[in-house]
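One structure is given below, encoded as structure tokens.
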Amino acid sequence: FRQINVTAVEIDHGLCALAEANAARNGLTPHFRAIAADLTAPAETLIAQGLVREGYDQVMVNPPFHAEGTVRPAPDKGRAAAHIMQEGALEVWVRFLATFTGPKGGITLIHMPQVLPELLPLLDRRFGAITLFPLFPKEGEPAVRVIVQARKASRAGLRLLPGLVLHEADGRYTEKAEAVLRKGAALDL
């Protein structure tokens, strides 16, 4: 059994402290650390803050979903930054993934399907074995989010999976979504 260690990167110092407190409360302090950093900063800055170049087997990110100018920003600057991606910043996020994911390591990110035409070419230069897992709000409706996984330096092709329907017609979670959200079931990616 291999030990799992988690390094979280969060720009908000208060949320870093909360994450560390939660890890301590759950007895995970030896295996968890939070680094207060802006992952869009230059790699040298992130390394100086404690990240390790090509040092992670799996890197997961949740970038801002909305392009600048497409939604009204929240009054709180931190919240606005978490939801609105500056023009050209998606490439910076992918560069972060490529820089800090270990050789043959995996990445996972979630985004909106309309970003795929921009995202896939950025990944294609650095990652392969790209897997797309759409999340559908209800049966028969278009996906609202897509989970994207890929493997660094892989030459394997793209796979589009059936995805997951989140809600029944009446708004309740589907049985599969409920199993993932409430019972810890894994998504079949």
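The values are calculated or read from the model by the stated rules, or taken from the named source; none is laboratory data. All figures in this text were calculated on a predicted structure; none of them were measured in a lab. As a convention, Cβ positions derive from the backbone with ideal geometry for all residues, glycine included, and neighbour counts pool all protein chains shown. In case anyone asks, the SASA skips ligands and DNA or RNA and just uses the protein heavy atoms, side chains included. Shrake-Rupley method; radii C 1.70, N 1.55, O 1.52, S 1.80 Å.
Once the C-beta distance of residue 118 and residue 21 is scaled by a Förster radius of 35 Å, the resulting FRET efficiency is 0.45 to the nearest 0.05.
Put simply, the amide H of residue 49, placed in the peptide plane, has no neighbours under 5 Å, leaving out anything fewer than 5 places away on its chain.
Note on the chain: dipole from Cβ charges, positive end direction compared against 102, 115, 144; the farthest Cα belongs to 102.
Spin-label pair residue 183-residue 57: with each label point 7 Å from Cα along the Cα-Cβ axis, the two points sit 2.7 nm from one another.
Three semi-axes describe the equivalent ellipsoid of segment 142-189; taken as square roots of 5 times the Cα gyration tensor eigenvalues and ordered largest first, they are 26, 13, 7 Å. If you wrap the Cα atoms of the chain in a convex hull and average its projected area over all directions, you get 12.7 nm². Rounded to whole numbers, the Karplus 3J(HN,Hα) couplings from phi for segment 44-51 are 4, 5, 5, 5, 4, 8, x, 7 Hz, using 6.51 cos²θ - 1.76 cosθ + 1.60 with θ = phi - 60°, and x at Gly and Pro. Check which residues have an amide H placed less than 5 Å from residue 59's amide H, if you skip close sequence neighbours. Sorted by chain and number, the residues that satisfy this are 106, 107, 108. Taking θ as phi - 60° and the Karplus parameters 6.51, -1.76 and 1.60, the scalar couplings of segment 156-162 work out to 5, x, 7, 10, 10, 8, x Hz in sequence order, x denoting glycine and proline. Full extension of the chain between residue 28 and residue 160 gives 44.0 nm of extra length, using 0.36 nm per residue less the Cα-Cα distance. Database remark: amide H of residue 32 closer than 5 angstrom to the amide H of 6 (H placed geometrically; neighbours at sequence offset of 5 or more, or on other chains; Pro and chain starts carry no H). With helices as the sole contributors, the chain gives -8500 deg cm²/dmol at 222 nm; each DSSP H run of n ≥ 4 counts as -39500 (n - 2.57), and the sum is divided by every residue. Average accessible surface for the chain: 63 Å² per residue, computed with a 1.4 Å probe over protein heavy atoms with every protein chain in place.
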